[in-house]
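Notes follow once the structure below has been shown.
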Amino acid sequence: MVDSLSAWINGRSRSGDAKFDTFAGVFVPTVLTILGAIMYLRLGWVIGNAGLVGGILIILLAHVITVSTGLAVSSIATNIRVDAGGAFSIISQSLGLEVGGSISVPLYLAQAVSTALYIFAFAEGWQRIFPGSSQTWVVMIAFAIVFIIAYISAQLAVRIQFLILAVVGFSLFSLLLGGFETAVQPGLIIEPTLWGTFSDGGFWVIFAVFFPAVTGVMAGISLSGSLKNPRESIPKGTMSAIGLTLVIYLLLAYWLARVATPDELLTNTTIMVDKAYFSWAILAGLLGATLSSALGSMLAAPRVMQALGENGVLPFGQFFARVTKEGEPRQAMLATGVVAFLGILFALVGGGLNAIAPLITMFFLITYFMLNAVVLIEQTLSMVSFRPTFAIPRTVPLVGMLGCLFVMFLVNPIFSLVAIVVTLAIYSYLLHRQLNTPWEDVRSGLFLALAQWAAEQVSVMPQSPERTWSPNILAPVTSTQQLTGSYRFLRAITRPQGAVHALGIYAPGEKTRVAGLSTLGQAFHEDGIGGRVSLLAEEDFIAGVQSAMEVLSSVFFRPNVLFLPLWPDADRYDLARLLARTADFRMGVILLARNPVVELGREQLVNVWMREQGPEWKLGLRLANLDMAVLLAYQLTRNWHGRINLCMALPDEATQTRAEQFLNELIRLARLPANTQVSLFVGDFWEALLQAPRADLSVLGLQKNPKLEFVDKVINLLEASCIFVRDSGDESALA
């Protein structure tokens, strides 16, 4: 029945799609939301306090934010396809669903509860006409009328807004007529007070009372999903509405200053009723404006909710995303009606609606802030994809952003902080949910621009690699299985600030052997490690690794460590030649020799073997090929929750005390864990290997021109997993 009535009202078939043009969908709801209760009941009070010049200054300053936001929205609306949800669609398409959702969920609640605020403003105007009427009954009946109209059809609501617009227009005409001196009103025109005494509060207090009058920009933008052509209608409708209402407010300020004294303006909130030619027209305009604002909120909020549900931001999103064949979001409308009704009950029972009204204003201001931020970010990135047909200077969104922040903390600092905390909490929740974004956004471009800027800054700064070093591993493999086998170890030596660049080298025609590397790269990323994957078609593995090192040595985020598992059948000559070449590219080496039986054991104890440092036994910024060994041991034991054991073989007992002092000083200066131990052995190195505590992993140095016979001998003697490392020269365990 309701659907049939809706189709009849829309003048379309049930399968039709009711869409609004610029005038009906954007201009009218925006104008009626801005020309609301504050214009009728508080503008005179503002002029009485501030005077004509002060009042005009307040109006212009308040419109700076509105005009900036309107221009910003107009600009970006000509660059993207604005879908349902208005601000949600704009912000999400630029900064992602998480940011769009975190802003739009509070915006939805603000719009829904605003319906209750406007209903109470309507009741206040009604009681001025009929003082004996019950506020409760007036509020309930008015809410029922607004909800039924919005529920039946947006077309019906817009047609009723046309009537209300005519009423508001006639009330303004009545004010114009009241400005002329007539026989009925002799001596009407007075000399205006240019600057007031601000008897009810300072300049910014008066500004804070007036500012909510101009926060109606969202009324038309939120109907974006119901517009025939959002790209054209949003800029034209929004800016024309803002321009017209600005002129009206300025003319009303002049009119009020000429028809009433400051005392009259301060004490009589219905001064417009007394000074208008037709007093009843002002009351009708007040009732119509408040009712229209409530209707506009009841239309806008469900469409934001429907967009949030359609994109999975809300729980049970698919339920709220449903629309009728005429495009009416009935489920979202019902939910919004419940939220608004609860707001009404809260106000009737506890009188608390006025207490949360500032919070609603904060949510609107945060939305305006983000809309300006989106445009400023897009302009700053200067990407080819941002080419709006309505271009604006970069200062416009910047002024809008700063203005929003200023007004937020000016109006109410506590509610500003509460609104920001709520928004950040929703963002954290949505980020945890890992939403699937149905469109591309500019976040990657933003981070790329920041990275490029950082790279340019670093290139002109003095180099300090020892302070900024972290393991950026190049891991060449010939199959996905090879990287899978080393995954846990690579994660342990790179987490949390390192990175792994997997290089899949395959013979021509055998690309399937490395087809799964991208999955492992994503797994590294999910574990909090930078994971990148490159593929190279090369028959000769050694030649492929050398080519990759040469190419990657010149990139900004270059790998600084070559990681190679030592496989039994590897050609020792070619491997030694490859390891020797790494020094040419300022890369360190990690050669992993896993014991096939014990692997990495319990992942608890790491033995770090250090060469005897006599006769000087001095600790400098860099150790002799020991820095990376110490740093990797620290990384491993931190992620394994294990323990380091510094081992050293000494030629005689005379050096034992000095060696122990040296190693303890190293533990202190290198900030190694307190449970780090020292093990000293007098005698041959090979005997010391057998005497040392049995470790899950042993770390040993590797010469610049490595002798792999030494590596094989250590492996056979220990019968445990080892890594052989060589510094690149950029590491420092003492930095």
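The values are calculated or read from the model by the stated rules, or taken from the named source; none is laboratory data. Source: prediction; values computed, not measured. For neighbour counting, all protein chains shown are included, and Cβ atoms are generated from backbone atoms with ideal geometry for every residue, glycine included.
Need a quick list: helices (runs of 4 or more DSSP H) entirely within the range 202-275 having at least 2 residues that are closer than 30 Å to residue 75 by Cβ and polar (S, T, N, Q). Walk me through it before giving the result.
Numbers: elements: 203-210, 218-221, 230-259, 262-267, 271-275.
Qualifying helices (runs of 4 or more DSSP H): 230-259.
Return the residues of the range 631-666 that are β-branched (Val, Ile, Thr) and under 23 Å from residue 498 (Cβ atoms); say none if nothing qualifies. Talk me through it step by step, then tell me what you get.
Quick first cut of the range 631-666, residues β-branched (Val, Ile, Thr) only: 637, 644, 655, 657.
Of everything in the range 631-666, those that are β-branched (Val, Ile, Thr) and under 23 Å from residue 498 (Cβ atoms) turn out to be 637, 644.
Among the residues of the range 496-509, is there at least one that is modelled with pLDDT under 85 and either within 42 Å of the chain's Cα centre (by Cα) or crowded, with 16+ Cβ neighbours inside 10 Å (or both)? Walk me through it before giving the result.
Filtering the range 496-509 for residues modelled with pLDDT under 85 gives 496-497, 509.
Going one step further and asking which of them are either within 42 Å of the chain's Cα centre (by Cα) or crowded, with 16+ Cβ neighbours inside 10 Å (or both), we end up with 496-497.
Yes: the range 496-509 contains one or more residues that are modelled with pLDDT under 85 and either within 42 Å of the chain's Cα centre (by Cα) or crowded, with 16+ Cβ neighbours inside 10 Å (or both).
Sort through 348, 334, 342 and tell me the only one that's at pLDDT below 85, farther than 30 Å from residue 400 by Cβ and surrounded by fewer than 18 Cβ atoms within 10 Å (Cβ to Cβ). Break it down into steps so the answer makes sense when it comes.
Numbers: 334 fails: at pLDDT below 85; 342 fails: at pLDDT below 85.
None of the other options fit; the residue is 348.
Restricting the range 237-293 to residues that are among the aromatic types (Phe, Trp, Tyr) and touching a residue at least 24 places away in the same chain (Cβ under 8 Å), which is surrounded by the most Cβ atoms within 10 Å (Cβ to Cβ)? Spell out how you get there, then give the answer.
Step one: list which residues in the range 237-293 are among the aromatic types (Phe, Trp, Tyr), which gives 249, 254-255, 277-278, 280.
Add one more test, that the residue is touching a residue at least 24 places away in the same chain (Cβ under 8 Å), and what stays is 249, 254-255, 277-278.
Details: 249: 26, 254: 16, 255: 22, 277: 17, 278: 16.
The qualifying residue surrounded by the most Cβ atoms within 10 Å (Cβ to Cβ) is 249.
Do any residues in the range 375-387 that are within 13 Å of residue 80 (Cα to Cα) and surrounded by 14 or more Cβ atoms within 10 Å (Cβ to Cβ) have Cβ atoms under 6 Å from those of residues that are at pLDDT 70 or above and of a type in the set (Asp, Glu), where the two are at least six apart or on different chains, and which pairs are they?
386/378
Residues checked against (1) of a type in the set (Gly, Ala, Ser); (2) over 39 Å from the mean Cα position of the chain (by Cα):
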residue: 550; (1), (2): no, no
residue: 553; (1), (2): yes, no
residue: 557; (1), (2): no, no
residue: 560; (1), (2): no, no
residue: 563; (1), (2): no, no
residue: 572; (1), (2): no, yes
residue: 584; (1), (2): no, yes
residue: 588; (1), (2): yes, no
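Quick check on the range 688-735: of everything there that is of a type in the set (Asp, Glu) and part of a loop (DSSP other than H, G, I, E, B), which residue is surrounded by the fewest Cβ atoms within 10 Å (Cβ to Cβ)?
It comes out as 719.
Got a sec? Which of 581, 611, 658, 638 is modelled with pLDDT under 85 and basic (Lys, Arg)?
Details: 611 fails: modelled with pLDDT under 85; 658 fails: modelled with pLDDT under 85; 638 fails: modelled with pLDDT under 85.
Checking each option against the conditions leaves just 581.
Find the helices (runs of 4 or more DSSP H) located wholly in the range 464-563 whose residues include 3 or more that are farther than 19 Å from residue 579 by Cα and touching a residue at least 60 places away in the same chain (Cβ under 8 Å), and list them. Quick ask: steps written out before the conclusion?
Working: elements: 465-468, 480-494, 517-526, 541-552.
Filter on the range 464-563 gives 465-468, 480-494.
Do we find that residue 649 is touching a Leu at 6+ places or on another chain (Cβ under 6 Å) and not basic (Lys, Arg) in this structure? Outline the logic, then answer.
Values: touching a Leu at 6+ places or on another chain (Cβ under 6 Å): no; not basic (Lys, Arg): yes.
Judged against the criteria, residue 649 is not a match.
If you go through the range 177-225, how many residues are at pLDDT 70 or above, among the small types (Gly, Ala, Ser) and more than 30 Å from residue 303 (Cα to Cα)?
Number of matching residues: 5.
Does residue 678 fit the bill of being under 50 Å from the mean Cα position of the chain (by Cα), modelled with pLDDT of 90 or more, aliphatic (A, V, I, L, M) and surrounded by fewer than 21 Cβ atoms within 10 Å (Cβ to Cβ)?
Values: under 50 Å from the mean Cα position of the chain (by Cα): yes; modelled with pLDDT of 90 or more: yes; aliphatic (A, V, I, L, M): yes; surrounded by fewer than 21 Cβ atoms within 10 Å (Cβ to Cβ): yes.
It is true that residue 678 is under 50 Å from the mean Cα position of the chain (by Cα), modelled with pLDDT of 90 or more, aliphatic (A, V, I, L, M) and surrounded by fewer than 21 Cβ atoms within 10 Å (Cβ to Cβ).
Whether any residue in the range 537-556 is touching a Gly at 6+ places or on another chain (Cβ under 6 Å) and outside the structural domain of residue 496 (by TED's automatic domain parsing) is what I want to check. It would help to see each step written out before you state the result.
Of all residues in the range 537-556, those touching a Gly at 6+ places or on another chain (Cβ under 6 Å) come to 538.
Adding the requirement that they be outside the structural domain of residue 496 (by TED's automatic domain parsing) leaves none.
Scanning the range 537-556 turns up no residue that is touching a Gly at 6+ places or on another chain (Cβ under 6 Å) and outside the structural domain of residue 496 (by TED's automatic domain parsing).
Could you say whether any residue in the range 5-17 is part of a helix (DSSP H, G or I), modelled with pLDDT of 85 or more and either of a type outside the set (S, T, N, Q) or buried (at least 20 other Cβ atoms within 10 Å of the Cβ) (or both)? If you could, list the steps in order and put the result at the bottom.
Here is the first cut: in the range 5-17, the ones part of a helix (DSSP H, G or I) are 5-10.
If we keep only those that are modelled with pLDDT of 85 or more as well, we get none.
No - not one qualifying residue is present in the range 5-17.
Which one of 602, 581 is under 29 Å from residue 712 (Cβ atoms), exposed (fewer than 14 other Cβ atoms within 10 Å of the Cβ) and of a type in the set (Lys, Arg)? Step through it out loud before you land on a result.
Working: 581 fails: exposed (fewer than 14 other Cβ atoms within 10 Å of the Cβ).
After applying the criteria, what remains is 602.
When you look at residue 637, is it touching a helix residue (DSSP H, G or I) at 6+ places or on another chain (Cβ under 8 Å), surrounded by 14 or more Cβ atoms within 10 Å (Cβ to Cβ) and free of Cβ contacts under 8 Å to residues at least 60 places away in the same chain, yes or no? Show your work before the answer.
Values: touching a helix residue (DSSP H, G or I) at 6+ places or on another chain (Cβ under 8 Å): no; surrounded by 14 or more Cβ atoms within 10 Å (Cβ to Cβ): yes; free of Cβ contacts under 8 Å to residues at least 60 places away in the same chain: yes.
Answer is no for this residue.
Mind checking whether some residue in the range 297-311 is farther than 17 Å from residue 172 by Cα and assigned to a loop (DSSP other than H, G, I, E, B)?
As a first pass, look at the range 297-311 and keep what is farther than 17 Å from residue 172 by Cα: 297-311.
Next cut, assigned to a loop (DSSP other than H, G, I, E, B) only: 311.
Within the range 297-311 (the criterion being farther than 17 Å from residue 172 by Cα and assigned to a loop (DSSP other than H, G, I, E, B)), the answer is yes, since at least one residue qualifies.
Could you list all residues from the range 96-109 that are hydrophobic (A, V, I, L, M, F, W, C) and touching a Leu at 6+ places or on another chain (Cβ under 8 Å)? I'd like the intermediate steps shown before the answer.
Of all residues in the range 96-109, those hydrophobic (A, V, I, L, M, F, W, C) come to 97, 99, 103, 105, 107, 109.
Once the filter is applied, which keeps residues that are hydrophobic (A, V, I, L, M, F, W, C) and touching a Leu at 6+ places or on another chain (Cβ under 8 Å), the range 96-109 yields 97, 105.
In this structure, does residue 630 turn out to be in contact with a strand residue (DSSP E or B) (Cβ under 6 Å, 6 or more places away or on another chain) and not in a loop (DSSP other than H, G, I, E, B)? First the steps, then the outcome.
Values: in contact with a strand residue (DSSP E or B) (Cβ under 6 Å, 6 or more places away or on another chain): no; not in a loop (DSSP other than H, G, I, E, B): yes.
No; evaluated as a whole, the condition is false for this residue.
Where residues in the range 640-669 are part of a loop (DSSP other than H, G, I, E, B) and surrounded by fewer than 19 Cβ atoms within 10 Å (Cβ to Cβ), which of them is farthest from the chain's Cα centre (by Cα)? Full working, then the answer.
The initial filter retains those residues of the range 640-669 that are part of a loop (DSSP other than H, G, I, E, B), namely 641-642, 651-652.
Those left that are additionally surrounded by fewer than 19 Cβ atoms within 10 Å (Cβ to Cβ): 641, 651-652.
On the way: 641: 34, 651: 61, 652: 63 Å.
So the residue we want is 652.
Quick check on this structure: which one of 73, 82, 28, 46 is assigned to a loop (DSSP other than H, G, I, E, B), buried (at least 22 other Cβ atoms within 10 Å of the Cβ) and either assigned by TED's automatic domain parsing to the domain that holds residue 395 or at pLDDT 80 or above (or both)? Walk me through it before giving the result.
Numbers: 73 fails: assigned to a loop (DSSP other than H, G, I, E, B); 28 fails: assigned to a loop (DSSP other than H, G, I, E, B); 46 fails: assigned to a loop (DSSP other than H, G, I, E, B).
82 is the lone residue from the list that is assigned to a loop (DSSP other than H, G, I, E, B), buried (at least 22 other Cβ atoms within 10 Å of the Cβ) and either assigned by TED's automatic domain parsing to the domain that holds residue 395 or at pLDDT 80 or above (or both).
Can you confirm whether the range 37-46 contains a residue that is closer than 16 Å to residue 238 by Cβ and in contact (Cβ under 8 Å) with a residue 24 or more places away in the chain?
Restricting attention to the range 37-46, the residues satisfying the condition of being closer than 16 Å to residue 238 by Cβ are none.
No, that holds for no residue.
Could you list all residues from the range 250-265 that are closer than 16 Å to residue 276 by Cα and of a type outside the set (A, V, I, L, M)?
Taking the range 250-265 as the starting set, the residues that turn out to be closer than 16 Å to residue 276 by Cα are 251-261, 264-265.
Residues satisfying the conditions are 254, 255, 258, 261, 264.
Which condition number in (1) modelled with pLDDT under 85; (2) hydrophobic (A, V, I, L, M, F, W, C); (3) surrounded by 14 or more Cβ atoms within 10 Å (Cβ to Cβ); (4) not assigned by TED's automatic domain parsing to the domain that holds residue 709 is the one that residue 626 fails?
Every listed condition holds for residue 626 apart from (4).
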